[in-house]
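Structure first, commentary second.
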Amino acid sequence: MIYIFDTNAGTSQLTLKGELHKYLIKVRRHSIGDFISFRNRENIELLHKYKILNIEPRVATLELVSSELNEIKADKELHVAWCIIDSKSVEKVLPSLCEIGVSRISFISCERSQKSFKIDFKRYERIVEASMQQSGRTSFMSFDTYKNISSFIEEFPDTKVFDFTQNILKDSRDFRRVLIGCEGGFSEDEKKLLQKQEVFRLNSKMVLRSESAVMAVASKILL
């Protein structure tokens with residue numbers, strides 16, 4: 001773990017209790033004199049380094065050693081427009097999308113999206129925060145929803161589309177937004193709507209699941 005979120009990070013002393021104490025002292029086996037890094041969600045760009053002063057069975061006391069500006073983020077931003085799929089599938093790849101550097105995900109209700117799927121943004125945010133602490137990332141991923149593809153394209157006409165085509169992605173320097181379909185792909189009406197957009201595919205003969213496509217495309221563009 002690169003750093004730990006704490007609402008009191010930045011104060012002269014920190015007190016560890018409960019699950020965090022159990023994790024750092026009993027699981028990670030930190031001892032007196034060890035240094036641990038913390039960040040505060042309110043000013044996440046600052047990295048606070050603390051030294052463990054005292055360890056008791058249920059409490060540990062840490063002293064602030066230094067605070068410095070230390071931002072870690074991707075070199076470019078990528079906004080993914082993702083037709084809604086099962087949240088369980090989203091959750092499996094969300095940590096990796098965070099580590100890669102995806103900046104924003106807009107979930108779109110597409111014609112082939114199952115209406116029973118519910119989006120839990122609070123859960124997604126918790127998953128992303130855990131990934132941030134593991135990877136060191138210091139920029140939060142944002143989430144939102146759109147009622148259909150038409151409303152999204154109207155707002156973001158520069159969106160590029162991942163779909164079946166002869167156009168293989170070779171240069172991703174100008175990519176800012178990409179639309180990826182759900183299981184079964186886009187409907188005929190949606191494909192007609194997207195005729196004016198730049199459509200591409202990856203250099204693979206395999207048919208990718210929606211979550212595999214998001215991972216592959218994001219990696220190609222950002223890494």
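The values are calculated or read from the model by the stated rules, or taken from the named source; none is laboratory data. Just so it is clear, the structure is predicted and the values come from calculations on it, not from any experiment. Using ideal geometry, Cβ is built from the backbone for each residue, glycine included, and neighbour counts are taken over all protein chains shown.
General observations
- The one condition in (1) surrounded by 12 or more Cβ atoms within 10 Å (Cβ to Cβ); (2) more than 14 Å from Val102 (Cα to Cα); (3) touching a helix residue (DSSP H, G or I) at 6+ places or on another chain (Cβ under 8 Å) that Phe175 fails to fulfil: (2)
- As a summary of the residue check, Lys92 satisfies the conditions (1) crowded, with 21+ Cβ neighbours inside 10 Å; (2) part of a helix (DSSP H, G or I) except for the one numbered (1).
- None of Leu69, Leu97, Leu53, Leu47 is more than 28 Å from Arg177 (Cβ to Cβ) and buried (at least 18 other Cβ atoms within 10 Å of the Cβ) except Leu47.
- The residues listed here are Ile168, Ile180, Ile127; of these, the one that is touching a strand residue (DSSP E or B) at 6+ places or on another chain (Cβ under 7 Å) and free of Cβ contacts under 8 Å to residues at least 60 places away in the same chain is Ile168.
- Looking at Phe200, Phe152, Phe140, Phe162, just one residue is closer than 30 Å to Ile4 by Cβ and touching a residue at least 40 places away in the same chain (Cβ under 8 Å), and that residue is Phe140.
- In summary, Lys147 fulfils each of the numbered conditions (1) surrounded by 13 or more Cβ atoms within 10 Å (Cβ to Cβ); (2) of a type in the set (D, E, K, R); (3) under 23 Å from the mean Cα position of the chain (by Cα) with the single exception of condition (1).
- Residue match in the stretch 35-44 (condition: outside the structural domain of Leu208 (by TED's automatic domain parsing), hydrophobic (A, V, I, L, M, F, W, C), under 24 Å from the mean Cα position of the chain (by Cα) and at pLDDT below 95): no
- For the stretch 120-142, the set of residues classified as surrounded by fewer than 16 Cβ atoms within 10 Å (Cβ to Cβ) and either aromatic (Phe, Trp, Tyr) or more than 22 Å from the chain's Cα centre (by Cα) (or both) consists of Phe121, Phe140, listed by residue number.
- Screening Cys182 with (1) of a type in the set (A, V, I, L, M, F, W, C); (2) touching a Gly at 6+ places or on another chain (Cβ under 9 Å); (3) part of a loop (DSSP other than H, G, I, E, B) gives one miss only, at (2).
- So Phe117, is it at pLDDT below 95 and buried (at least 16 other Cβ atoms within 10 Å of the Cβ): yes
- Considered as a group, the residues in the stretch 61-75 that are assigned to a loop (DSSP other than H, G, I, E, B) and either more than 22 Å from the chain's Cα centre (by Cα) or at pLDDT 95 or above (or both) include one that is farthest from Leu14 (Cα to Cα), and that residue is Ile72.
- Enumeration of residues in the stretch 16-39 that are surrounded by 11 or more Cβ atoms within 10 Å (Cβ to Cβ) and either touching a Cys at 6+ places or on another chain (Cβ under 8 Å) or β-branched (Val, Ile, Thr) (or both): Ile25, Ile32, Ile36
- Selection of the stretch 72-87 for residues being farther than 28 Å from Tyr3 by Cβ and either of a type in the set (Asp, Glu) or surrounded by fewer than 16 Cβ atoms within 10 Å (Cβ to Cβ) (or both) yields only Asp86.
- Whether a residue is assigned to a helix (DSSP H, G or I), of a type in the set (A, V, I, L, M, F, W, C) and in the same structural domain as Lys191 (by TED's automatic domain parsing) was assessed, and Ile127 passes this test.
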